[in-house]
Amino acid sequence: MGTPTTQRTIKLEVFRYRPEEEDEPTFQTYEVPYREDWVVLDALNHIKDTVDGTLSYRWSCRMGVCGSCGMMVNGYPKLTCAAFLRDYYPNAIRVEPLVNFPVERDLVINMDDFMRKLKAVKPWIIRKKEQPLAEGEYRQTPAELAQYKQFSMCINCMLCYSACPVVGREEGFIGPAVLALGQRYNLDSRDQGRAQRQETIFGHEGIWECTFVGECSTVCPKDVDPAGAIQMAKVQGAMEYMKTLLPWGQRS
Amino acid sequence: MSAHTVPNPLPHSKGGRTHEPFWWSLFSAGGVVAAFVMPVLIFLTGLAGAFGWGAAQEAFTYDHIANLISNPLIKIFLFVCVSLPLFHCAHRIRHSLVDVGLGGIKTPLAVVSYLSAAVLTVFCAFVLLRI
C-alpha cells in the first residue's frame with residue numbers, strides 16, 4: 001500500500017444567503033477532501049469546522065433518524081447524511097436548501113407553516129375518555145399494529161414537501177407527511193379522534209388537493225409511502241361522501 | 001391526549017364541504033375500467049377480431065356483433081366502458097394542466113374537462129340506444 005501523493009478533492013457549490021449582508025442568495029464553491037465513506041453532511045461539517053465557520057445548516061444524528069439534514073442535493077431532496085460523495089464524484093455537488101420553503105439563512109429553511117399543519121392534524125392518540133393508569137395500557141394485536149406501522153416511520157424530514165408540486169403551488173395544501181401521519185393515527189385501533197382530524201384530512205386543503213404525482217413516496221428516506229396513505233384516505237373519503245348522498249345519509 | 005386539543009390553527013382553510021370526492025370516484029372507477037377491462041377489449045376487438053385469430057374469425061362477423069350489441073346488458077356494459085374512462089381522462093387532464101401551471105384558470109378547466117366527458121357520455125348513450 002502506497003500513500004497517495006495527492007489528496008483527491010471534490011467541489012461543493014453551496015447556496016449562501018445571509019439576509020443581513022445580501023439581498024440575493026449566491027453560490028459559494030468549496031473544495032473539500034474526497035473520501036469514499038463521506039456523505040454530503042460530512043463535507044459540510046468539514047467546511048464549517050475548518051474552512052468557513054459562517055455556513056449555517058441543520059443537522060443532528062448523522063444516521064437518518066432525526067430528519068434535520070434534508071437539503072436539495074443536485075436538485076433532488078435528500079437527507080445529506082445519506083448522500084454519499086462517491087455517488088457524485090468527480091463531479092461537483094450543488095447543495096441548496098429544501099425547495100417549497102422560505103429560506104432563513106444559507107441552508108436553513110423556515111418550517112413554521114409545516115409545524116402549523118402538523119399540529120392541525122393532531123398527530124397523537126386521542127381518547128374520548130382517558131383510561132386511568134391502573135387499568136393498564138391500551139393493548140393492540142400485531143395485526144392492528146400492522147395497519148398503521150408503515151406510516152408511523154415518518155421522521156418529519158420534509159423531503160416530501162420539497163418533492164411535491166402541489167405543495168409548491170397551493171399554499172394551503174396540508175401536504176404528504178402530515179396527511180400520512182393523520183392516517184397513521186386514524187388507522188390506530190387505540191385512537192378515537194378521527195372526527196377531530198376530519199376537516200384537516202378530508203377538507204378542501206387535505207387529500208383532495210393531491211394529484212397523485214407520487215414523488216413524495218419516491219423521495220421518502222423511511223419508505224413511509226405518503227402517496228399510498230393519501231390514496232387510501234381518498235377511498236375512505238369517497239365512500240363517506242357517497243353515503244351522505246343517500247336519502248338516509250347524514251350530511252356533515 | 002384530549003388535553004392537547006388545539007383550535008384549527010390553519011390560516012388558509014376554506015371550510016365547507018368539498019365535492020371533489022364525487023369527481024374522484026368517477027376518476028377512480030374509470031381507472032379500474034381502463035386498467036382491467038380495456039386491455040381485454042383491445043385484445044379481442046383490435047387484435048383477435050381484426051386478425052381473425054381462432055374462434056374470433058367467426059365471432060367478429062357483422063351480424064354476430066350487431067346481434068350482440070342489441071342486447072341491453074351489452075349496451076350497459078359498453079356504456080360503462082366508454083363513459084367512466086371519459087371521466088377518468090377528464091379528471092386526469094384537468095389536474096395535470098393545473099400541475100403544469102394553469103392553476104389560474106382552475107374553474108374553467110374543470111368545467112371544460114367534465115363537460116366534454118359529459119357530452120361524450122350523452123353521445124355514447126344516444127348511439128347505443130339507436131342500435
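Relative contact order of region A:112-245, taken over Cα pairs closer than 8 Å and 6 or more residues apart, is 31 percent. 3J(HN,Hα) along region A:111-122: 10, 4, 5, 4, 5, 4, 5, 4, 5, 5, 7, 6 Hz, from the Karplus curve 6.51 cos²θ - 1.76 cosθ + 1.60 with θ = phi - 60°, whole Hz, x for Gly and Pro.
What the phi angles of region B:112-126 give under the Karplus curve with 6.51, -1.76 and 1.60, with θ = phi - 60°, is a coupling list of 5, 4, 6, 5, 4, 4, 5, 4, 5, 5, 4, 4, 4, 4, 4 Hz, glycine and proline written as x. Close amide-amide hydrogen proximity is noted between A:Arg16 and A:Thr26, A:Phe27, A:Gln28, each under 5 Å apart and 5 or more residues distant or on a separate chain (H modeled in the peptide plane; Pro and chain starts excluded).
Helical runs assigned H by DSSP (4 residues or longer) give the protein assembly as shown a calculated mean residue ellipticity at 222 nm of -12500 deg cm²/dmol, each run adding -39500 (n - 2.57) before division by the residue total. Every Cα-Cα pair in region B:21-130 was counted, and those over 22 Å apart are 44% of them. What the pair-distance distribution of chain A shows, using all Cα-Cα distances binned every 5 Å from zero, is 1, 6, 12, 14, 15, 13, 11, 9, 7, 5, 4, 2, 1, 0, 0, 0, 0 percent. Mean-square fluctuations from a GNM of chain A, with a 10 angstrom spring cutoff on Cα atoms, peak among A:Leu118, A:Leu181, A:Leu145 at A:Leu145.
Each principal axis of the Cα cloud of region A:9-109 was taken in turn, and the coordinate range along them, longest first, works out to 37, 28, 24 Å. Considering only beta bridges that DSSP places wholly inside region A:9-109, some 85 percent are antiparallel. Taking chain A, the Cys residues with no second Cys beta-carbon under 4.7 angstrom are A:Cys69, A:Cys81, A:Cys154, A:Cys157, A:Cys164, A:Cys210, A:Cys220. Close amide H pairs (under 5 Å, H built 1.01 Å from N) link A:Ile10 with A:Val32, A:Tyr34, residues at least 5 positions away or on another chain. Of all lysines in the structure, the ones whose alpha carbon falls short of 20 Å from that of A:Lys48, not counting any fewer than 8 places away in one chain, are A:Lys11, A:Lys78. Our coupling estimate for region B:91-97, obtained by passing each phi through the Karplus curve with A = 6.51, B = -1.76, C = 1.60 and θ = phi - 60°, is 5, 5, 5, 4, 6, 5, 5 Hz, Gly and Pro reported as x. In straight-distance terms, cross-link reach from A:Lys234 covers every one of the aspartates and glutamates whose alpha-carbon lies under 12 Å from its own, apart from those fewer than eight places away in the same chain; here that gives A:Glu209, B:Glu20.
Close amide H pairs (under 5 Å, H built 1.01 Å from N) link A:Ser56 with A:Leu107, residues at least 5 positions away or on another chain. For chain A, the relative contact order comes to 16 percent (Cα pairs under 8 Å, sequence separation of at least 6).
A short reminder: the numbers here are calculations on the coordinates, not readings from a lab. For clarity, every value in this text was computed on a predicted model and none was experimentally measured. Cβ atoms come from the backbone with ideal geometry, glycine included; neighbour counts cover every protein chain shown.
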